[in-house]
Structure formats: C-alpha cells, structure tokens
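> Before we start, here is the structure in question, set down as structure tokens.
Read-outs: derived from the displayed coordinates by stated rules, not from any lab. Keep in mind that what you see is a predicted model, and the values were worked out from it rather than measured. Here the Cβ is made from the backbone with ideal geometry for all residues, glycine too, and neighbour counts use every protein chain on show.
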Amino acid sequence: MATALKNLNEYNTATFADMSDKKFGIVVAEWHKDITDALSNGAIETLLKHGAQKENIFRNTVPGSFELTLGAQFLAQHEEIDAVICIGVVIKGDTKHDDYINHAVANGLTNVSLKYNKPVAFGLVTTNNLEQALDRAGGKHGNKGVEAAAAVIHMLSF
Ligand code: DLZ
C-alpha cells in the first residue's frame, strides 16, 4: 500500500528549478468532475508555488480519462509547451472498463512523452471506490494533482 505509507505531498523541492519561464498544459477529464477539479486545483497551486505564471498555464478538459492521451498530444505538439499534466479519476465498476482505460492512458501518455520529449504526468487516480478517490484529492492521502505537478517540475529541473 504505497500511498498509505508515503504521502508524496511532502515531496523534496531542493532540486526544483524556478518555473517562471515555463509553459504548462493541463488536461482534465470530466468524469467525476468534482474530484478532477480538486486534483486540477492542486496541480495549478503547485505550479504557481514554484514560480509558474498564471498566463503560462493552459487548462483544457476532455470528456473522460480515455481521451487524456489525445488531449495531451494536442498540447504537447506545440513547441512552446514545456510539460503536460493529465488529470483523471477512474473508479472500478462491475466490468473491466477500468483496466482498459488505465492501461490505455498509461501507454498513451508514455508514448506522447517520448514522442515529444517532454514530461507528461500521469495524474490518473485509479481506485476501487469513490471514498478512495476522495482520499487522494485533498483527503487523508493528499492530493495526487499536487504530486503530478511536482513530477513535471522535477523532470523540467533534470
Ligand atoms: C465509460 C467510462 C466509464 C465506465 N468510467 C469512467 C471513469 O471511471 N472515469 C473516466 O474518466 N471515464 C470513464 N468512462 C469514460 C471514458 O473514459 C471515455 O470518455 C468514453 O469511453 C468515451 O471514449
């Protein structure tokens, strides 16, 4: 249970560079919108905290998490975008839809990141139920949007 043992909200910022000249794309899935909005807000607050300018953060929505990959590609293809943060929530149901979506997004975002040579964060919260998702969107297990933003800042400081 990695998340229970380690709240990455306490990430190490010692090596983080100033982000004031960087441009960020954020792609937010609208399924479970209240939760993805909380994750997206966490990501934006983190970027601002590390120097990003409000006008350099470009937030777009997609219908569901499956569409995060294409949304990421739409943004990553622009030369001026330095990194993309993808946010979604996929909750297990009676069928295997979550498996298909989660694997497709993980593979898709990896491909976009490598194709454009840019950090693309996997801010996809994949849980067994709603409560676990809320716990990770500003609840007892922190905010995974914060961690997704911290991941791209870390990579841009590489
Ligand atoms: C269809 C679907 C289902 C069942 N569950 C979720 C979910 O938990 N989280 C999410 O972000 N999206 C879900 N979707 C929608 C798909 O991601 C996608 O938008 C549709 O299949 C249309 O391509």
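> The range 78-158: D in µm²/s via Stokes-Einstein (Kirkwood Rh, Cα pairs, 25 °C, 0.890 mPa s)?
So the translational diffusion coefficient is about 181 µm²/s.
> Further, regarding this structure: What nm distance separates the two modelled labels at D34 and E80, each placed 7 Å from Cα along Cα→Cβ?
3.7
> On to the next question. Once you have the Cα-Cα distance between N111 and K96, take 0.36 nm times their residue separation minus that, and quote the gain in nm to one decimal.
Values: separation 15, 0.36 × 15 = 5.40 nm, distance 2.30 nm.
Gain on extension, N111 to K96, equals 3.1 nm.
> Just to verify a number: FRET efficiency for T15 and Q53, C-beta to C-beta distance, R0 = 25 Å, to 0.05?
Using R0 = 25 Å, I get an efficiency of 0.70.
> Ok, one more. Dividing the alpha-carbon radius of gyration of the chain by 2.2 N^0.38 Å (N being the number of residues), what value is obtained?
Normalised by 2.2 N^0.38 Å, the Cα Rg of the chain equals 0.97.
> Another question, if that's okay. Using Cα atoms only, what is the angle between the long axis of helix 144-156 and the major principal axis of the chain, expressed in degrees (0 to 90) to the nearest 10?
That works out to roughly 30 degrees.
> Mind putting a number on the dipole of the chain about its Cα centre? Charges go on the C-beta only, +1 for Lys and Arg and -1 for Asp and Glu, and I need it in Debye to the nearest 20.
Numbers: 14 positive and 18 negative charges, 39 e Å.
The calculation lands at about 180 debye.
> Within the chain, count lysine pairs with alpha carbon atoms under 17 angstrom apart where the residues are 8 or more positions apart or belong to different chains.
11
> I need to check one value: relative contact order of the range 71-158, counting alpha carbon pairs closer than 8 Å and at least 6 residues apart, in percent.
Computed over the range 71-158, the figure is 33 percent.
> Okay, next question. Given the options L75, A149, F24, identify the residue whose Cα lies farthest towards the positive end of the charge dipole of the chain (+1 on Cβ of Lys, Arg; -1 on Cβ of Asp, Glu).
A149
> Right, another one. Find the relative contact order for the chain and round it to a whole percent, using C-alpha pairs within less than 8 Å whose residues are 6+ positions apart.
This gives 32 percent for the chain.
> Quick check on the chain: helices-only [θ] at 222 nm, where DSSP H runs of length 4 and up contribute -39,500 (n - 2.57) each and the sum goes over total residues. Nearest 500, please.
-13500 deg cm²/dmol
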